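*Asks:* Have a look at the structure that comes next, please.
The values are calculated or read from the model by the stated rules, or taken from the named source; none is laboratory data. Bear in mind the structure is a predicted one, so any value in this text is a computation, not a measurement. Glycine gets a Cβ as well: all are built from the backbone with ideal geometry, and neighbour counts include every protein chain shown. Side chains are part of the model used for accessible areas, which takes the heavy atoms of the whole protein and leaves out ligands, DNA and RNA. Shrake-Rupley method; radii C 1.70, N 1.55, O 1.52, S 1.80 Å.
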Amino acid sequence: MMELTKRFLAIRHYGGNVLLALLCCLSACNAGQPEVAKLSPEQGRLDRINRIDTLSLSTVLNLDSIEGWKQLGTISADAWMLIEDSTGVIISQKNANESRPIASLTKMMTCLLALENGNMTDTVRITEDVFIARDSRVRLGDRYEVRHLIAEMMLLSDNDAAYALAKYIGGDTLRFCEMMNEKAAYLGMANTHFANPNGLPNLQNYSSASDLVRLSRYCMSDSTFAQIVGTRETDIPLTDGRHLPCLNTNALLATYDGCIGIKTGFTRQAGNCLASAATRDGVTLYLVLLNSRSRSSRFTESALLLNYGFNVMRAFHGHYLSAGSRETNPSHRF
């Protein structure tokens, strides 16, 4: 144990990340053990989203003593889950496993399937059968390359763009929804069912905060997905040479230091929703917030939770640094 603690403190002394230090120490524990077969990239993605730790924090920290804890009682949202990505430590949750409407957070799955199954340079035309919601920026007859239509859908939360991509990928919306549900089952999203590609009101389109955190972590391991949802503003080209200015609906990208995504959502049934992620000092947090009171509160409440989360992880790391110091210096034991 003494040797492992020395390794931990040495890594930290030279500027290493705490989580990396812990992993290195654990790796040392396994020295001499039979070599385990390496995971494929896909197995690694699944292993990551299955990594959930509900116990570690409560065993070493008094969470209500962490700065920001009292403010959690002011949050209007009905449900949320906040998790640290590399460890799977759940920092805060409320009604996280309850199924409920999720509005345009649905489009995360649509984006994922389009990236996995589409040819990014194919052309998609907005036809009558997908020009349904008519509340979006795409117009009847417009043509986009698949990659650009995906970006337009995610940045502007375009409902008819989602219908167009569903038709392009699945042949029709019904088959595409089957693909969505097959992927949800594959990812272990037990509280989820999809009935459309955009999250417009439908009693059979629902998920939970915990399932959407699982989906978020899986999606963000795709570099193209992460690049799209991390874009604050861009011009989307149409095939005829026109350009569509797009400002991301996720205000946290502009207002929260370290925010890297992900997706907004709103319907009257779902309320104001936000899936977000942020990275600071090598720590990445994922948060899904459902049914917040207002368009602005989904951002302020998410920022509050993320701030609390980073405070918790600093305290968590500090606990192990302190424990390591006591182990290497006998005078600290008493």
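*Asks:* Could you calculate the FRET efficiency of residue 293 with residue 203 from 1/(1 + (r/R0)^6), where r is the beta carbon distance between them and R0 is 25 Å, rounded to 0.05?
*Replies:* It comes to 0.65.
*Asks:* A further question follows. First measure r as the distance between the Cβ atoms of residue 242 and residue 76, then evaluate 1/(1 + (r/R0)^6) with R0 = 45 Å and state the FRET efficiency to the nearest 0.05.
*Replies:* 0.65
*Asks:* Also, I was wondering about something else. For labels at residue 58 and residue 98 in the simple 7 Å Cα→Cβ model, what's the distance in nm?
*Replies:* It works out to 1.9 nm between the two label points.
*Asks:* So how do 100, 295 rank on accessible area, 1.4 Å probe, biggest first, that is with the largest at the start?
*Replies:* 295, 100
*Asks:* If I take R0 = 30 Å and measure r between the Cβ atoms of residue 254 and residue 69 in this structure, what FRET efficiency does the formula 1/(1 + (r/R0)^6) give, to the nearest 0.05?
*Replies:* The formula returns an efficiency of 0.65 here.
*Asks:* Can you list the lysines whose alpha carbon is less than 30 Å from that of residue 70, not counting same-chain residues fewer than 8 positions off?
*Replies:* 94, 263
*Asks:* Rounded, prolate or oblate: which fits region 124-171, taking a ≥ b ≥ c as square roots of the Cα gyration tensor eigenvalues, rounded meaning a/c under 1.5, else prolate when a/b beats b/c?
*Replies:* rounded
*Asks:* Place the peptides 64-73, 229-238, 207-216, 107-116 in order of packing, highest mean first, counting for every residue the other Cβ atoms within 10 Å and averaging per peptide.
*Replies:* The peptides rank, most packed first, as 207-216, 107-116, 229-238, 64-73.
*Asks:* Ok, one more. Using a 1.4 Å probe and ignoring any ligands, DNA or RNA, find the accessible area of residue 172 and quote it in Å² to the nearest 10.
*Replies:* 80 Å²
*Asks:* Quick check on packing: order 53-60, 188-195 by the mean number of other C-beta atoms within 10 Å, highest mean leading.
*Replies:* So the peptides 53-60, 188-195, ranked by packing, come out 188-195, 53-60.
*Asks:* OK, next. Convert each backbone phi in region 160-175 into a coupling constant with the Karplus relation 6.51 cos²θ - 1.76 cosθ + 1.60 (shift: θ = phi - 60°), then list the ³J(HN,Hα) values in order as whole Hz, x for Gly and Pro.
*Replies:* 6, 4, 5, 4, 5, 5, 4, 5, 5, 7, x, x, 7, 5, 4, 5
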